[in-house]
Amino acid sequence: MMKRVYVNEKWCLGCHLCEYYCAFANSGLSDMVLALKGKPIYPRIHVEGDEKISYAVSCRHCEDPICVKSCIAAALSKDNGVIRIDKNKCVGCYTCVLVCPYGALAPGEDGVMQKCELCLQNECGEPACVKGCPNKAIVYEERGEMI
Amino acid sequence: MKKYVIIGNGAAAVNCIEGIRSTDEFGEIVVISEEKHKVYCRPLISYYLEGKTDLSHMGYRGEDFYEKMQCRVLYGRKAVAILPESREVKLDDGTVVAYTDLCLATGSSPFIPPFEGLSSVKKQYTFMTLDDAFGLERGICQSDHVLIIGAGLIGLKCAEGIAGRAASVTLCDLADHVLPGILDAEGAALVQTHLEEHGFHFCLNDSVARFKKNTAYLKSGAVISFDVLVLACGISPNTSLFQDIGGEVGRGIVVDDRMRTSVENIYAAGDCAEGADVSTGRKRVLAMMPNACMQGYTAGVNMAEGNKVFDKALPMNAVGFFGLHVMTAGSYEGELYEEKTEKTMKRLFTEDDLLKGFILIGSDERAGIYTSMIREQTPISSVHFDLLKKTATTAAFPAETRRKKFGGVV
Ligand SMILES: Cc1cc2nc3c(=O)[nH]c(=O)nc-3n(C[C@H](O)[C@H](O)[C@H](O)COP(=O)(O)OP(=O)(O)OC[C@H]3O[C@@H](n4cnc5c(N)ncnc54)[C@H](O)[C@@H]3O)c2cc1C
Ligand code: SF4
Ligand code: SF4
């Protein structure tokens, strides 16, 4: 069993703050204003929904990840349950976008794919979206396996 | 103890090894690899020529993969016959390798029509292997005019790969539009315009009547002179080993949803195999990476007495040319929903309450949400299709489905 990011639709305000925290955590910069102000952001979590409901979506770290099996460059891999991406291998072919059932991958500023790696690879060390959510709608916990 | 033999060393073979090892730690594994390279990402050979990747990033697995998996690879060896009675495979050097379970992961070969005068062409290449890419890298210079026969995925990817290394690139195809295996005529027209803007020339609905040295005489009467010829006319599955022992072969080696063939203890996976396509229910060769990996892994698990079914195969392709992305899946049958602009196109095909297929050109939508609907055969009546057809979003699913999908059991 491993910890994953889960979102409670009832609590999600649709405020998009998680997207900002995500983009900041992965910017490698220490000043949030410097990292984000006036720039388009490329977060690895995104809020979906309409006027009635909203919820944030990020990689489910699938048990049997179809993205890993499909990647033409072997840029995606499973490392202790975490689905990682090697940005130096990705060629931006969009095959992973074509297969991920959750819409959890999207290209970053440089055209290379990005996805949630649970902030294990950056300074944050644990999901920044969870820490930053003002309404505690996003949690990081063990619940069982994803298909 | 089991003795697994795998013929081929591509993506299907490697996933087969992983499938075996997920179930059997100890059985012996022997891989027969005609190519002298460790497994590499075949689709990256065009990116290599384009300079978008390099050899150090093209490995399909880490340097120590075979060691870790405890398998022996016979590089540069070709299997020439299967001896089903004695359960052995005969190699080109006369040696035999015994198996308890055999996987055919032989991939496909370039199909070369019998063109008149082809042997008079000095610089001719196919585009399937890393060695083909090395050959082209050495064989082309900046002043060369390149003629590519075939405007399908491999021909076009090759064209993109060498565009910066040649003076001009012309593509000729029998079909009346580019990417005939993937796109309909209107979608193809968008892609063709984009490619023409990048300097490619096309001779479609035409074919070569004969070659004479550096000249191609086309059926239409057109005459093209070139320095380098690339033959990308299509691929044919490598099935002959299996055909020779009387196994069931259609276009590819026929497999069931556990990748078993018609012959006991022989499995097949990848480009050489023909399994069921969920979008039509018919058997079909699906020569693409995701399928090779899924089939290979499934074969491996079942060879090792595990139990795995892969019955969700779909034709699907994501391919980009000079920044224009094309994503397609399923079959283009049934009722059409369409959105178009000058540079983009979205087509969804629905029938009997199911999404059957789609074409997305110039889009960065989260297409996997559509693909999974085809794969899972989700009834359209169970989702808000009016919302979904406009945008690929999970918001179109009922809250209950979403809760299950995202694991948010609260
Ligand atoms: C230029 C190019 C671009 C592509 N782009 C894409 C893409 O963008 N997306 C996508 O999904 N797919 C793409 N593909 C297709 C994809 O590469 C194949 O579907 C995939 O590699 C199939 O894997 P496989 O293991 O079945 O076969 P292969 O990778 O072809 O491996 C088969 C191996 O078996 C060996 N072999 C054959 N017969 C014998 C024998 N008798 N003895 C010993 N060895 C033998 C062959 O030498 C070969 O190395 C592309 C292919 C090419 C050529
Ligand atoms: S990117 Fe998509 S398919 Fe891959 S592990 Fe994450 S949710 Fe699963
Ligand atoms: S876009 Fe990158 S990560 Fe996604 S399948 Fe292609 S190479 Fe792999």
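The values are calculated or read from the model by the stated rules, or taken from the named source; none is laboratory data. Because the structure is a prediction, the values reported are computed rather than measured. Neighbour counts run over all protein chains shown; Cβ positions are idealised from the backbone, glycine included. Only protein heavy atoms, including side chains, enter the accessible area calculation; ligands, DNA and RNA are left aside. Shrake-Rupley method; radii C 1.70, N 1.55, O 1.52, S 1.80 Å.
Considering only residues that are closer than 30 Å to residue B:322 by Cβ and either open to solvent by 20 Å² or more (accessible area, probe 1.4 Å) or more than 16 Å from ligand 1 (Cβ to nearest atom) (or both), which ones fall in the stretch A:110-124? Walk me through how you get there before you give the answer.
At the first step, the residues of the stretch A:110-124 found to be closer than 30 Å to residue B:322 by Cβ are A:110-117.
Within the stretch A:110-124, A:110, A:111, A:112, A:114, A:115, A:116, A:117 qualify.
Does at least one position in the stretch A:9-18 carry a residue that is over 26 Å from residue B:384 (Cα atoms), surrounded by 20 or more Cβ atoms within 10 Å (Cβ to Cβ) and touching a Pro at 6+ places or on another chain (Cβ under 9 Å)? Among the residues of the stretch A:9-18, at least one is over 26 Å from residue B:384 (Cα atoms), surrounded by 20 or more Cβ atoms within 10 Å (Cβ to Cβ) and touching a Pro at 6+ places or on another chain (Cβ under 9 Å), which makes the answer yes.
Give the residues of the stretch A:71-89 that are more than 7 Å from every other protein chain (Cβ to nearest Cβ) and either open to solvent by 30 Å² or more (accessible area, probe 1.4 Å) or within 11 Å of ligand 3 (Cβ to nearest atom) (or both), sorted by residue number. Talk me through it step by step, then tell me what you get.
Our first condition is that a residue be more than 7 Å from every other protein chain (Cβ to nearest Cβ); within the stretch A:71-89, this holds for A:71, A:75-87.
Those that are more than 7 Å from every other protein chain (Cβ to nearest Cβ) and either open to solvent by 30 Å² or more (accessible area, probe 1.4 Å) or within 11 Å of ligand 3 (Cβ to nearest atom) (or both): A:71, A:75, A:76, A:77, A:78, A:79, A:80, A:83, A:84, A:85, A:86, A:87.
Against the list (1) at the interface with another protein chain (Cβ under 9 Å from one of its Cβ atoms); (2) more than 25 Å from residue B:26 (Cα to Cα), the condition residue B:314 fails is (1).
Determine which member of the set A:92, A:144, A:103 is within 13 Å of chain B (Cβ to nearest Cβ), within 10 Å of ligand 3 (Cβ to nearest atom) and on the phi > 0 side of the Ramachandran plot.
On the way: A:144 fails: within 10 Å of ligand 3 (Cβ to nearest atom); A:103 fails: within 10 Å of ligand 3 (Cβ to nearest atom).
Exactly one residue qualifies, and that residue is A:92.
Restricting attention to the stretch B:21-29, does a residue exist that is within 14 Å of chain A (Cβ to nearest Cβ) and either open to solvent by less than 20 Å² (accessible area, probe 1.4 Å) or at pLDDT below 95 (or both)? Looking for residues that are within 14 Å of chain A (Cβ to nearest Cβ) and either open to solvent by less than 20 Å² (accessible area, probe 1.4 Å) or at pLDDT below 95 (or both), one finds none in the stretch B:21-29, hence no. For the condition over 24 Å from residue B:108 (Cα atoms), open to solvent by 20 Å² or more (accessible area, probe 1.4 Å) and assigned to a helix (DSSP H, G or I), residue B:67 qualifies. Looking across the stretch A:111-120, the residues that are at pLDDT below 95 and within 12 Å of chain B (Cβ to nearest Cβ) come down to A:111, A:112. For the stretch A:37-84, a tally of residues being touching an Asp or Glu at 6+ places or on another chain (Cβ under 6 Å), part of a loop (DSSP other than H, G, I, E, B), farther than 20 Å from residue A:19 by Cβ and more than 16 Å from ligand 1 (Cβ to nearest atom) returns 1. Only one of the listed residues (A:127, A:134, A:107) is under 15 Å from the mean Cα position of the chain (by Cα), open to solvent by 20 Å² or more (accessible area, probe 1.4 Å) and not hydrophobic (A, V, I, L, M, F, W, C). That residue is A:107.
Residue check: is residue B:406 over 22 Å from residue B:274 (Cα atoms), more than 10 Å from chain A (Cβ to nearest Cβ) and either touching a Cys at 6+ places or on another chain (Cβ under 6 Å) or among the hydrophobic types (A, V, I, L, M, F, W, C) (or both)? Steps first, answer last, please.
Working: over 22 Å from residue B:274 (Cα atoms): yes; more than 10 Å from chain A (Cβ to nearest Cβ): no; either touching a Cys at 6+ places or on another chain (Cβ under 6 Å) or among the hydrophobic types (A, V, I, L, M, F, W, C) (or both): yes.
Against the criterion (over 22 Å from residue B:274 (Cα atoms), more than 10 Å from chain A (Cβ to nearest Cβ) and either touching a Cys at 6+ places or on another chain (Cβ under 6 Å) or among the hydrophobic types (A, V, I, L, M, F, W, C) (or both)), residue B:406 does not qualify.
Taking the criterion of being more than 11 Å from chain A (Cβ to nearest Cβ), open to solvent by 30 Å² or more (accessible area, probe 1.4 Å) and either outside any helix (DSSP H, G or I) or touching a residue at least 40 places away in the same chain (Cβ under 8 Å) (or both), the residues of the stretch B:357-389 that qualify are B:362, B:377, B:379, B:389. If you go through the stretch B:280-306 and keep only what is more than 16 Å from ligand 3 (Cβ to nearest atom) and within 14 Å of chain A (Cβ to nearest Cβ), you end up with B:286, B:287, B:295, B:296, B:297, B:298, B:299, B:300, B:301, B:306. For the stretch B:39-74, which positions are hydrophobic (A, V, I, L, M, F, W, C) and either more than 13 Å from ligand 1 (Cβ to nearest atom) or within 10 Å of chain A (Cβ to nearest Cβ) (or both)? Passing the criteria: B:39, B:41, B:44, B:55, B:58, B:65, B:69, B:71. Of all the criteria given as (1) within 10 Å of chain B (Cβ to nearest Cβ); (2) away from ligand 3 (no atom under 15 Å from the Cβ), the one not satisfied by residue A:68 is (2). Selection over the stretch B:330-345 of residues that are within 23 Å of the chain's Cα centre (by Cα) and in a strand (DSSP E or B) gives a count of 1.
Residue by residue, here is whether (1) in contact (Cβ under 8 Å) with a residue 60 or more places away in the chain; (2) open to solvent by 10 Å² or more (accessible area, probe 1.4 Å) holds:
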| site | (1), (2) |
| --- | --- |
| B:169 | no, no |
| B:188 | no, no |
| B:195 | yes, no |
| B:210 | yes, yes |
| B:216 | yes, no |
| B:221 | no, yes |
| B:225 | yes, yes |
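For residue B:255, are the conditions met, namely being within 11 Å of residue B:104 (Cβ to Cβ), in contact with a helix residue (DSSP H, G or I) (Cβ under 9 Å, 6 or more places away or on another chain) and open to solvent by 30 Å² or more (accessible area, probe 1.4 Å)? Taking the combined requirement at face value, the residue does not satisfy it. On the basis of being over 27 Å from residue B:82 (Cα atoms), touching a residue at least 60 places away in the same chain (Cβ under 8 Å) and within 19 Å of the chain's Cα centre (by Cα), does residue B:45 make the cut? Yes, satisfied.
Residue B:221 fulfils the conditions (1) assigned to a loop (DSSP other than H, G, I, E, B); (2) of a type outside the set (Asp, Glu); (3) within 27 Å of residue B:237 (Cβ to Cβ) except for a single criterion, (3).
Residue pairs whose Cβ atoms lie under 7 Å apart, separated by 6 or more positions or on different chains, with the first residue in the stretch A:98-115 and within 22 Å of residue B:361 (Cβ to Cβ) and the second open to solvent by 30 Å² or more (accessible area, probe 1.4 Å) and part of a strand (DSSP E or B), are A:113/A:107. A single member of B:129, B:106 is surrounded by 22 or more Cβ atoms within 10 Å (Cβ to Cβ) and either within 30 Å of residue B:249 (Cβ to Cβ) or aliphatic (A, V, I, L, M) (or both), and it is B:106.
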